[in-house]
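Report on the following structure.
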Amino acid sequence: MKNYLLQEYNVQKQSGFTLVELMITIAIAAILMAIALPNFSSFLVQTRVDNEISQLQRLLLSARNTAINAEQNVTICPLNSSNTCDDNWHNEISVFIDIDRDKVYEPAADERIIIVKGAIDNNDKLQYGQDSIIYTPTGSISGGVSASPFMYCPKDYDDKSRGITVSTSGRSYVSSDTDNDNIDEDRSGNEITCS
Ligand SMILES: [Ca+2]
Ligand SMILES: [Ca+2]
């Protein structure tokens with residue numbers, strides 16, 4: 001009898017998880033997933049926005065540097081199917097030497113493409129108040145800049161929106177969270193929000 005009890009005890013000891021232990025494990029895993037998943041998606045969105053903003057900043061810098069170094073007018077804009085600037089900034093954005101500053105890319109007139117950035121995520125927004133920015137050989141802007149900055153707003157995460165302000169001197173400034181509330185402001189202190 002004593003041996004039998006001991007044997008039964010051993011069997012139970014060896015069986016690994018009891019049902020209660022298993023349920024607790026699953027419950028903890030479920031809680032961890034519930035905490036981790038939204039953080040993970042938010043991290044992915046943040047990465048996407050940061051990546052797009054740095055690509056756009058690189059595009060603006062290349063446009064300005066090319067204008068200065070090549071001593072040519074350089075236009076940055078989304079080109080439509082007739083190689084003309086339009087304001088669909090969520091599409092591919094091109095930087096090209098625009099000798100006659102007419103916001104039309106004309107390879108036949110020796111104009112050439114410098115760099116192109118791919119279209120953004122379909123559900124996100126990228127807005128700017130003008131259809132183009134034209135850099136002159138001095139590095140400054142011809143034809144003015146939009147009063148509001150470039151604004152990149154990811155779908156469902158408005159607070160993760162970021163922007164770039166281009167000044168008429170040709171310099172550009174990436175937005176930052178100047179008042180530490182986890183939302184980016186432009187240089188004038190206005191929060192970045194798309195319309
Ligand atoms: Ca042209
Ligand atoms: Ca802020």
**Request:** Note down the nm distance, to one decimal, between modelled labels 7 Å out along Cα→Cβ at SER140 and at GLU92.
**Result:** 3.4 nm
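Would you mind calculating the gained length between ASP158 and ILE35 on full extension (0.36 nm times residue separation, minus the Cα-Cα distance), in nm to one decimal? Each step should come with its number before you reach the end.
Details: separation 123, 0.36 × 123 = 44.28 nm, distance 2.04 nm.
Length gained, ASP158 through ILE35: 42.2 nm.
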**Complete:** Given GluC sites (Glu not before Pro), DSSP loops and at most 14 other Cβ atoms within 10 Å, the longest exposed-site-free stretch of the chain is 93-195
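Run the helix sum for the chain: -39,500 (n - 2.57) per DSSP H stretch of 4+ residues, divided by residue count, reported at 222 nm to the nearest 500 deg cm²/dmol.
Values: 2 runs with 65 residues, N = 195.
One gets -12000 deg cm²/dmol as the mean residue ellipticity at 222 nm.
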**Request:** Could you sort 114-125, 54-65 so that the peptide with the highest average Cβ count within 10 Å comes first and the rest follow in order?
**Result:** 54-65, 114-125
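Compute, for region 38-174, the length of the dipole vector about the Cα centre, with Cβ point charges of +1 (Lys, Arg) and -1 (Asp, Glu) only. Units Debye, rounded to 20. Don't skip to the end; give the middle numbers.
Working: 12 positive and 18 negative charges, 90 e Å.
Magnitude of the dipole: close to 440 debye.
What are the chymotrypsin sites (Phe, Trp or Tyr not before Pro) within region 111-171 that DSSP puts in a loop, where the Cβ has at most 10 other Cβ atoms within 10 Å? Working shown, then result.
Details: sites: TYR128, TYR135, PHE150, TYR152, TYR157; in loops: TYR128, TYR157.
Here no chymotrypsin sites (Phe, Trp or Tyr not before Pro) fit, given the DSSP loop and packing criteria.
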**Item:** Of VAL20, VAL49, VAL166, the one that fluctuates the most in a GNM where the chain has Cα springs shorter than 10 Å
**Value:** VAL20
**Asked** Once the chain is represented by equal point scatterers at the alpha-carbon sites, with solvent omitted, what log10 I(q)/I(0) does the Debye formula produce at q = 0.11, 0.13, 0.17, 0.18 Å⁻¹?
**Response** -0.58, -0.73, -1.07, -1.16
**Asked** From the backbone phi of region 34-46, what are the Karplus-calculated ³J(HN,Hα) couplings (6.51 cos²θ - 1.76 cosθ + 1.60, θ = phi - 60°) in whole Hz, Gly and Pro given as x?
**Response** 4, 6, 6, 4, x, 4, 5, 5, 5, 5, 5, 4, 4
**Request:** Please give the length that would be gained between ARG171 and LEU22 if that part of the chain were fully extended, namely 0.36 nm times their separation in residues minus their C-alpha to C-alpha distance (nm, one decimal).
**Result:** 47.7 nm
**Asked** What order, most packed first, do the peptides 39-45, 167-173 have when packing is the mean number of other Cβ atoms within 10 Å of each residue?
**Response** 167-173, 39-45
**Request:** Quick one: which residues, 5+ away or cross-chain, put their amide H under 5 Å from the amide H of ASP98? H built at 1.01 Å from N.
**Result:** ASN73, VAL74, THR75
**Asked** Which one of ILE99, GLY118, ALA27 has its Cα pushed farthest toward the positive end of the charge dipole of the chain, where Lys and Arg give +1 and Asp and Glu give -1 at the Cβ?
**Response** ALA27
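Quote the relative contact order of the chain in percent (integer), defining contacts as alpha-carbon pairs under 8 Å separated by 6+ residues.
17 percent
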**Message:** Under the rule of at least 5 residues apart or a separate chain, name every residue whose amide H is placed under 5 Å from the amide H of LYS125.
**Reply:** CYS153, LYS155
**Item:** Long-range HN-HN contacts of GLU106 with modeled amide H, under 5 Å
**Value:** GLU111
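Every number here is computed from the coordinates shown, using simple stated rules; none is lab data. Just so it is clear, the model here is predicted, and its values are computed rather than measured. All Cβ positions, even for glycine, are placed from backbone atoms using ideal geometry, and neighbour counts span all protein chains on display.
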